[in-house]
Every structure is written in C-alpha cells, then in structure tokens.
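Below: one structure, written as structure tokens.
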Amino acid sequence: MDLSPANTTTDYLDLSLREFLDLVASGGPAPGGGSVAAVAVALAGGLAGMAARLSTGQLADAPWLADLADASRRRVAPLARADAEAYGRVLDAHRLPREHNPEIRTERVRDALSEAADVPLAVAEVGNEVAGIAARLMEEGNPNLEGDAMTAVILADAGVRAAAALAEINLSSANVEDNRLGRANELVDNTAAIVRRATEGHRRG
C-alpha cells in the first residue's frame, strides 16, 4: 500500500512547532494520536542522529548510525500527514448516507478503517528501529549524550506503543483479523525489550 499522503491535508512539516501544537489542541479531528505518534518517533530519530554525530570518538560506525537515524526520521515524519489523510477517509466513509445502500457504506467504512491501520503500524515499525539505534548509542556512545539517547529510546517506545494501540483499534473497529495485529504486538514487545536492556544497563552503570 502507498502510504504517501495526498495533497488535501496540511503538510505538518511546513508548520512551526507552535502552529502544530495549536492544531493538535484545536477542535478539529486531525492531527490526532497517529500523527502525534509519528512526530514523537521522528523526534526520537532526531535525537539519535545527534547522539550518533557526537559519538564519533566512541564508535567507529557512528556516522552509519547517524545515517540510519536520519533515514528513519525522514521516513516516519511524513506519516504524520498520512495518518490524518487516512482518518479523513474514515470520516468520509461514515458520512455516506445509510438509507441508500447500507451494505456498501458498511463495506467502505470497514475498508477505510483497515487501511487506516496501516499508517500507525508503519510508525511502529520505524519506532522499533529508532529505539534500537538509540539504545546502542546510550550503551556505547558518547557518555555526555547518554541522557539524550535515553530520551530517544523512551520516546520511540512511547510512539510504538501508541501507534500499535491505534492500529489495534482500527482493526478491531473494522472487524479485521489478519497478521497486522500480531505484528503490532510483536513490535511493542520488541521495543519494550530494548528499553529494558538499555535502562537496566544504565542502572547497573
């Protein structure tokens, strides 16, 4: 499936931070939880990239880790807008009149919800990757950036958990049972394990 956003929704990446926060807090239906989860993971990727660039004295592959973090950030950031687009299609399906052909309306709502589950699932995939990068930097990178790397790990974990929960809600609402729910749970478990390893090592240190 193509997760690239259409052009009918504001490109959140073009907004100032203040504008985006105000938009989240506004009375509109979007940006919502999925968009915020995507931004959280993107911020975690940014912190990981910074920590990597400042860890060249500790890690020979720090530039490679920085590139990985940058790629993850660039991949997940546009999903903030894609999530809003997907939710808009769910709302459009719900607005279809019930009286003409309720079966078609039900099918379109179900299809839109199922499609909307793909975006947060993609966010969770990237969040899991970012958590792994940041954990490596937390454990072996520049000790002066340990707090930043830890923040990236925890922020990525929050993004994964939120995104996986949203995917589960959409799939449940659509009455869809496929491997996506299992993958979402797997990503939550994998990322939680990364957090445990990283934070336990921090406490022992």
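Where a number appears in this text, it was derived from the coordinates with a stated rule and is not lab data. Nothing here was measured: the structure is a model prediction, and the numbers come from that model. Neighbour counts are summed over all protein chains in view; Cβ atoms, including those assigned to glycine, are modelled from backbone coordinates with ideal geometry.
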Task: Ranked 195, 123, 76, criterion: other C-beta atoms within 10 Å, fewest first - done: 195, 76, 123
TODO: Please report, in debye to the nearest 20, how large the charge dipole of the chain is about its Cα centre when each Lys and Arg carries +1 at its beta carbon and each Asp and Glu carries -1 there.
DONE: 340 debye
Open item on the list: Sort 165-178, 131-144, 89-102 by packing, meaning the average of other beta carbons within 10 Å per residue, with the highest value first.
Closed with: 131-144, 165-178, 89-102
